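So the structure is just underneath, and the comments pick up after that.
The values are calculated or read from the model by the stated rules, or taken from the named source; none is laboratory data. Keep in mind the model is a prediction, meaning the values are calculated, not measured. We place every Cβ from the backbone using ideal geometry, glycine too, and count neighbours over all the protein chains shown. With ligands, DNA and RNA removed, areas are computed over all heavy atoms of the protein, side chains included. Shrake-Rupley method; radii C 1.70, N 1.55, O 1.52, S 1.80 Å.
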Amino acid sequence: MKKYSGFTKSTQEHLLLNAGAYFKNYDVEKDTYDTAVAAGKLIGATRGGGQFDAVPTVRQIQVDGVSGRAKGLEQIDDWDVALQANVLEIKKETLQAALIASKVETATLSGYKKITAKQNIELTDYIDNITWIGTVSGSDEPVIIVVKNALNIGGLQLKTEDKNESVISMKFYGHYEQGELDEPPFEIYYPDIEANSVAQTTTSKS
């Protein structure tokens, strides 16, 4: 009896591996993983990884006489875009990002910074982008997911307990920007694995 499966010779080249890393204000044109880490753009170590969502709201246009879904009559009304990170490494920048609208000041208490929340969200509270960088098995180049104009609207929940470490779960939502209303606020950069595979095969045969 013949067995059918989606498993092929190229399957091993298209696997997303491990939790990856999360960055703040990553520049895909200039940054690499190493330069972004050196520049302090890394959000920090995670536990439990995270999740990327890009979910459209699709509306079916109703027409008399059509009994079900009709090709060409579906409309995307909006996109709900978010990048979640479960952050283990808690820094003052992490707390500030989790608090949505906040500020960091030098405290009157010597040796401390004071983090306080604000009552209003300002344009400067939006992060230019939150970016995930992860490993795909068939390439030395990473997969890069960029969520633009990001804001963690869920606030801060900090749980502590014995024999465990605190993890802050943040879900950064992407936001449309004036002048770019026809561009959903995310980008995915996927390495050219097929070209790399061809080059490796050609080299090995020569």
(request) For Lys103, list the aspartates and glutamates whose Cα falls under 14 Å from its own Cα; do not include residues on the same chain fewer than 8 positions away. (result) Glu93, Glu122, Asp125
(message) Give the separation of the Cα centroids, the range 41-70 to the range 164-191, in Å.
(response) 13 Å
(message) If you take Rg/Rh (Cα atoms, Kirkwood Rh) from the coordinates, which of (i) 1.07; (ii) 0.98; (iii) 1.04 do you get?
(response) (i)
(request) Considering only Lys113, Lys171, Lys92, give the residue with the highest GNM mean-square fluctuation for the chain, with springs between Cα atoms whenever their separation is below 10 Å. (result) Lys113
(request) Please give the helix 193-205 orientation as an angle from the longest Cα principal axis of the chain, in degrees from 0 to 90, rounded to the nearest 10. (result) 60 degrees
(request) Could you check which residue among Ala97, Ala45, Ala117 shows the biggest mean-square fluctuation in a GNM of the chain with a 10 Å Cα cutoff? (result) Ala117
(request) Specify which residue in the list Leu151, Ala85, Ala107 is farthest towards the positive end of the charge dipole of the range 80-206, using unit charges on the beta carbon of Lys, Arg (+1) and Asp, Glu (-1), about the Cα centre. (result) Ala107
(message) Tell me the per residue accessible area of the chain using a 1.4 Å probe; a whole number in Å² is fine.
(response) 69 Å²
(message) What does the C-alpha gyration tensor say about the overall shape of the range 1-96? Classify as rounded when a/c is under 1.5, otherwise prolate if a/b is larger than b/c, or oblate.
(response) oblate
(request) Extending each Cα 7 Å along its Cβ direction at Phe52 and Tyr189, get the distance between those two points in nm, one decimal. (result) 1.2 nm
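Tell me the net charge near Leu99. Cut-off is 12 Å between Cβ atoms, Leu99 excluded, with +1 for each Lys or Arg and -1 for each Asp or Glu.
On the way: positive: Lys92, Lys103, Lys118; negative: Glu93, Asp125.
So the surrounding residues net to +1.
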(request) Have a look at the range 68-114 and give its Rg and Dmax from the Cα atoms, expressed in angstrom. (result) 21.2, 68
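Which FRET efficiency, nearest 0.05, do Val66 and Ala101 yield, Cβ-Cβ r, R0 45 Å?
On the way: r = 47 Å, r/R0 = 1.04.
Rounded to the nearest 0.05, the efficiency is 0.45.
Taking K and R as +1 and D and E as -1, what net charge do the other residues with C-beta under 13 Å from the C-beta of Leu73 add up to? Present the calculation step by step, with values, prior to reporting the outcome.
Values: positive: Arg59, Arg69, Lys71; negative: Asp64, Glu74.
Residues close to Leu73 contribute a combined charge of +1.
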(message) Under 17 Å between alpha carbons, and skipping anything fewer than 8 positions from Lys163 in its own chain: which aspartates and glutamates qualify?
(response) Glu89
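Any of Lys9/Lys30; Lys41/Lys113; Lys30/Lys114; Lys71/Lys171 with alpha carbons more than 27 Å apart? Name them for me. Working shown, then result.
Values: Lys9/Lys30 34 Å; Lys41/Lys113 20 Å; Lys30/Lys114 33 Å; Lys71/Lys171 34 Å.
Where the Cα-Cα span goes over 27 Å, the pairs concerned are Lys9/Lys30; Lys30/Lys114; Lys71/Lys171.
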